[in-house]
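Reading through the structure tokens given below for one structure.
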Amino acid sequence: MKSLWAELAMVLTTVLMFLLALLLNEWLFSSLKFVTGINYIYLPAGMRLVCTLLFAEAGAVGLLLASWLVCYFYFFPDDGVRAFAGGVLASLAPYATYKLAQRWYGLGASLQQLTPRRLLVLSLAYAITSPLLHHLWFALSGAEVSLEGLVFMVLGDLSGTLIVLYIVKALLSLLPRPGSAYKLH
């Protein structure tokens with residue numbers, strides 16, 4: 001069982017990783033926006049999935065806090081209801097994908113069951129789920145909904161997710177394999 005301090009560390013790590021992904025996205029891709037909140041490439045989407053897969057519930061809580069922070073103070077400072085809902089939906093979609101991974105793939109504390117193909121399936125599932133939840137909320141709240149916005153949100157979330165997953169995969173490949181020892185020559 002994880003200690004409270006370990007859980008808190010995972011929550012804070014998630015908040016930091018998400019905010020860094022958002023800053024990097026704004027720096028690299030600020031000109032690639034369809035509208036506010038819908039980017040053609042959205043790296044934070046990938047960070048949401050990675051943090052939830054790595055940290056489970058603690059990742060979801062960290063995403064909720066980070067998403068509320070960003071929604072209330074950056075994306076929708078004049079619309080508290082949209083900011084609140086946006087934060088909930090932004091953390092619900094990756095958590096739902098994580099729970100599906102547990103059910104479909106028997107995902108446990110180890111991510112060894114996540115083959116490249118399974119990661120692609122989860123990326124697609126997440127990249128569709130998040131925009132669908134957001135657009136359902138838009139429709140229920142009376143906001144304008146467009147098929148074009150939905151498609152671009154799916155594409156932006158998918159591209160951002162795949163980019164982040166491949167970066168994480170590349171970084172992990174630089175780490176020594178468990179059980180391997182370094183030999184000095």
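The values are calculated or read from the model by the stated rules, or taken from the named source; none is laboratory data. This one's a predicted model, so the numbers in the text were calculated from it and none came from an experiment. For neighbour counting, all protein chains shown are included, and Cβ atoms are generated from backbone atoms with ideal geometry for every residue, glycine included. Keep in mind that these areas ignore ligands, DNA and RNA; they rest on the heavy atoms of the full protein, side chains included. Shrake-Rupley method; radii C 1.70, N 1.55, O 1.52, S 1.80 Å.
Accessible surface of region 74-185, 1.4 Å probe: 67 percent of it comes from carbon and sulfur atoms. With all pairs of different C-alpha atoms in the average, the Kirkwood value for the hydrodynamic radius of the chain is 17.1 Å. With semi-axes defined as the square roots of five times the eigenvalues of the C-alpha gyration tensor, the equivalent ellipsoid of region 1-90 measures 24, 15, 10 Å, largest first.
Counting other C-beta atoms within 10 Å, and keeping those with at most 14, which DSSP coil trypsin sites (Lys or Arg not before Pro) do you find in region 1-102? Walk me through the numbers before you get to the answer.
On the way: sites: K2, K33, R48, R82, K99; in loops: K2.
Here the sparse-neighbourhood loop sites are K2.
Compared with the dominant Cα axis of the chain, that is its longest principal axis, helix 147-173 is turned about 20°. To the nearest ten degrees, helix 4-29 and the longest principal axis of the Cα atoms of the chain are 60 degrees apart.
What does the charge count near M10 come to, summing +1 for each Lys or Arg and -1 for each Asp or Glu among other residues with Cβ under 11 Å from its Cβ? Please list the in-between numbers first.
Details: positive: K2; negative: E7, E57.
Taking every other residue near M10 into account, the sum is -1.
For region 16-68, taking Cα atoms only, Rg and Dmax work out to 11.4, 33 Å respectively. Loop-located chymotrypsin sites (Phe, Trp or Tyr not before Pro) in region 18-109 (DSSP state other than H, G, I, E, B) with a sparse environment of at most 11 neighbouring Cβ atoms within 10 Å are absent. Helix 80-105 axis versus longest C-alpha principal axis of the chain: approximately 40°, rounded to the nearest ten.
Normalising the average separation of contacting C-alpha pairs (under 8 angstrom, six or more residues apart) by the number of residues puts the relative contact order of the chain at 27 percent.
What's the long-distance tail for region 51-117, i.e. % of Cα pairs beyond 20 Å?
Tail of the P(r) past 20 Å holds 36 percent of the pairs.
Once you reduce region 118-143 and region 47-109 to the center of their Cα atoms, the two points are 12 Å from each other.
The C-alpha atoms of region 86-185 occupy a region whose extents along the principal axes are 67, 26, 23 Å, arranged from largest to smallest.
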